[in-house]
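*Asks:* Please see the structure below; I have some questions.
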């Protein structure tokens, strides 16, 4: 009923992809259990900024990363206001998030919502790969009880035999295994190793970013030109 209006709102705010999903079986215990629908959306990172990532992240990337996260959080607030104005509940999930009790997990997985909403597939680097922009995007989610027609598009894993991210990862966190639905993250990607390696870049944003696997992925937008 409100899908077109939500899509128009998101696109007017510059998102590059959006969709709707049923996440009723993936809600953590501390999230209201009536919020079974997800509004998933992505914002494209600057290709010129991604090019500044070489064998380590750049300060320009860190600053851009933070700005895009802030933009996504503001968009999420607008989505929440729209939904609440229609008499429904809305619960924004921050673009960048963490849990004190689960060090390498967020409150809710943006990628779970994004895959189900038809925004892409999970790559070997454990990032969402959008068919148009690759992993060069950031994600945010709004959970809601507003009944939404969910997206039915599903993308197959297109990583194939490519191992560009495996070779480039300085943390050796990427096993090279292709993700399949239902696979646990630790079965193909070492989140702890990734996080610990980022601390080496404490001169760049307090060791909170890397981006090397994203920058070398053939699906990343700037590689296509």
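*Asks:* Residue 125 versus (1) in a loop (DSSP other than H, G, I, E, B); (2) modelled with pLDDT under 95; (3) buried (at least 18 other Cβ atoms within 10 Å of the Cβ): which is the lone unmet condition?
*Replies:* (2)
*Asks:* Oh, and also: Across the stretch 78-116, which residue is farthest from the chain's Cα centre (by Cα) among those that are within 15 Å of residue 42 (Cβ to Cβ) and in a helix (DSSP H, G or I)?
*Replies:* Looking at residues that are within 15 Å of residue 42 (Cβ to Cβ) and in a helix (DSSP H, G or I), I get 79.
*Asks:* Given the structure, is residue 28 outside any helix (DSSP H, G or I), farther than 18 Å from residue 92 by Cβ and either in contact (Cβ under 8 Å) with a residue 40 or more places away in the chain or touching a helix residue (DSSP H, G or I) at 6+ places or on another chain (Cβ under 9 Å) (or both)?
*Replies:* So residue 28 does not fit the description; no.
*Asks:* Still on this structure, I have one more. Considering the stretch 1-13 alone, what residues qualify as being loosely packed, with under 13 Cβ neighbours inside 10 Å and assigned to a loop (DSSP other than H, G, I, E, B)?
*Replies:* 1
*Asks:* If residue 62 meets every condition in (1) buried (at least 17 other Cβ atoms within 10 Å of the Cβ); (2) in a helix (DSSP H, G or I); (3) touching a strand residue (DSSP E or B) at 6+ places or on another chain (Cβ under 9 Å) apart from one, which number is that one?
*Replies:* Unmet condition: (3).
*Asks:* Quick test for you: out of 75, 49, pick the one residue that is part of a helix (DSSP H, G or I) and in contact with a strand residue (DSSP E or B) (Cβ under 9 Å, 6 or more places away or on another chain).
*Replies:* Result: 75 is the single residue among 75, 49 that is part of a helix (DSSP H, G or I) and in contact with a strand residue (DSSP E or B) (Cβ under 9 Å, 6 or more places away or on another chain).
*Asks:* Filter the stretch 68-98 down to the residues that are within 17 Å of residue 208 (Cβ to Cβ), surrounded by fewer than 20 Cβ atoms within 10 Å (Cβ to Cβ) and in contact with a helix residue (DSSP H, G or I) (Cβ under 8 Å, 6 or more places away or on another chain) and list them by number.
*Replies:* Listed by number, the residues that qualify are 94, 96.
*Asks:* Can we say residue 181 is within 18 Å of residue 61 (Cβ to Cβ) and in a loop (DSSP other than H, G, I, E, B)?
*Replies:* Considered against the rule, which asks whether it is within 18 Å of residue 61 (Cβ to Cβ) and in a loop (DSSP other than H, G, I, E, B), residue 181 comes out as no.
*Asks:* Out of 193, 140, which single residue is modelled with pLDDT of 95 or more and either surrounded by fewer than 23 Cβ atoms within 10 Å (Cβ to Cβ) or part of a loop (DSSP other than H, G, I, E, B) (or both)?
*Replies:* Among 193, 140, only 193 is modelled with pLDDT of 95 or more and either surrounded by fewer than 23 Cβ atoms within 10 Å (Cβ to Cβ) or part of a loop (DSSP other than H, G, I, E, B) (or both).
The values are calculated or read from the model by the stated rules, or taken from the named source; none is laboratory data. Remember, predicted model here, so these are calculated numbers, not experimental data. All Cβ positions, even for glycine, are placed from backbone atoms using ideal geometry, and neighbour counts span all protein chains on display.
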